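Presented below is the structure to which this report refers.
The values are calculated or read from the model by the stated rules, or taken from the named source; none is laboratory data. This one's a predicted model, so the numbers in the text were calculated from it and none came from an experiment. Don't worry about glycine lacking a Cβ; one is built from the backbone with ideal geometry, like all the others, and counts go over all protein chains shown.
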Amino acid sequence: MKASTRKIKSCYWPVSELPGLSSDELSLLENAGIQSTQELLQLTSTPANQVKLAQKLQIHLQHLSKWVALSDLARVQSVGTQYCGLILHAGITNCVYLANAPVGNLHKQVMRLYVSMMQRRDLCPGIDLVQQWTQQAQMLIGGEKGK
């Protein structure tokens, strides 16, 4: 069976596990009743809802959009909160783009980021893991189309 025809379920995380959120930003989300990435994604399911939530939280839409992108990417099990920030910095902003990303190109971009940020090529996720990201994103997107 091709990877893109199998279905998997989304993984959701506490918003406290999203990379790059300050304690103040985390408090904003929690005070608005948002404890998980699932809740954040449900509340921001349309651009209008994103604008509304950004206004409610009194933050720039770009900040909220980043949290939404991280939450969406973290739905992929092999990505989770460990790699969602790296993938976002590589220019992939959601699961659909991840599912369609050429594995070789994405791996090269991830490698460039790792080397520039950490000065360590050996810590970079291998191409097998990058391929797993894209395959699981394909399965996740395929499962959502079947709903």
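Is it true that some residue in the range 96-107 is under 10 Å from the mean Cα position of the chain (by Cα), assigned to a loop (DSSP other than H, G, I, E, B), of a type outside the set (D, E, K, R) and at pLDDT 95 or above? No, the range 96-107 contains no residue that is under 10 Å from the mean Cα position of the chain (by Cα), assigned to a loop (DSSP other than H, G, I, E, B), of a type outside the set (D, E, K, R) and at pLDDT 95 or above.
Summed over the range 122-147, residues that are in a loop (DSSP other than H, G, I, E, B), farther than 13 Å from residue 87 by Cα and free of Cβ contacts under 8 Å to residues at least 40 places away in the same chain total 2.
Among the residues making up the range 40-49, those that are part of a helix (DSSP H, G or I) and surrounded by 17 or more Cβ atoms within 10 Å (Cβ to Cβ) are 40, 41, 43.
Kindly check whether there is at least one residue in the range 53-60 that is out of contact with any helix residue (DSSP H, G or I) (no Cβ under 7 Å at 6 or more places or on another chain), of a type in the set (Lys, Arg) and either assigned to a loop (DSSP other than H, G, I, E, B) or surrounded by fewer than 15 Cβ atoms within 10 Å (Cβ to Cβ) (or both). Taking every residue of the range 53-60 in turn, at least one turns out to be out of contact with any helix residue (DSSP H, G or I) (no Cβ under 7 Å at 6 or more places or on another chain), of a type in the set (Lys, Arg) and either assigned to a loop (DSSP other than H, G, I, E, B) or surrounded by fewer than 15 Cβ atoms within 10 Å (Cβ to Cβ) (or both). Of the residues screened, residue 122 is not one that is among the acidic types (Asp, Glu) and within 17 Å of residue 20 (Cα to Cα).
For the range 37-67, the candidate set comprises residues that are of a type in the set (Gly, Ala, Ser) and under 17 Å from residue 18 (Cβ atoms); within that set, the residue that is farthest from the chain's Cα centre (by Cα) is 54.
Note on the range 33-50: residues that are out of contact with any helix residue (DSSP H, G or I) (no Cβ under 6 Å at 6 or more places or on another chain) and aliphatic (A, V, I, L, M) amount to 1. What pairs can you find where one residue is in the range 92-121 and more than 26 Å from residue 12 (Cβ to Cβ), the other is outside any loop (DSSP other than H, G, I, E, B) and of a type in the set (Ser, Thr, Tyr), and their Cβ atoms are less than 8 Å apart, with a gap of 6+ or different chains? Within 8 Å, the pairs are 120/114; 121/114.
Would you confirm, using the coordinates I've provided, whether residue 70 is part of a helix (DSSP H, G or I), at pLDDT 95 or above, closer than 22 Å to residue 28 by Cα and under 17 Å from the mean Cα position of the chain (by Cα)? When the stated conditions are applied, residue 70 passes them. Tell me, yes or no, whether the range 19-35 has at least one residue that is within 26 Å of residue 140 (Cα to Cα), under 13 Å from the mean Cα position of the chain (by Cα) and surrounded by 17 or more Cβ atoms within 10 Å (Cβ to Cβ). No, because not a single residue in the range 19-35 is within 26 Å of residue 140 (Cα to Cα), under 13 Å from the mean Cα position of the chain (by Cα) and surrounded by 17 or more Cβ atoms within 10 Å (Cβ to Cβ).
Within the range 1-29, the set of residues being at pLDDT 95 or above and in a helix (DSSP H, G or I) comprises 15, 16, 17, 23, 24, 25, 26, 27, 28, 29.
Output yes when any residue across the range 39-58 is closer than 17 Å to residue 79 by Cα and of a type in the set (Val, Ile, Thr), and no when none is. So far as the range 39-58 goes, no, none of its residues is closer than 17 Å to residue 79 by Cα and of a type in the set (Val, Ile, Thr). Cβ-Cβ distance below 6 Å, separation of 6 or more or different chains: which pairs start in the range 58-82 with a residue that is of a type in the set (Asp, Glu) and end on one that is at pLDDT 95 or above? From residues that are of a type in the set (Asp, Glu), the pairs are 72/94; 72/95.
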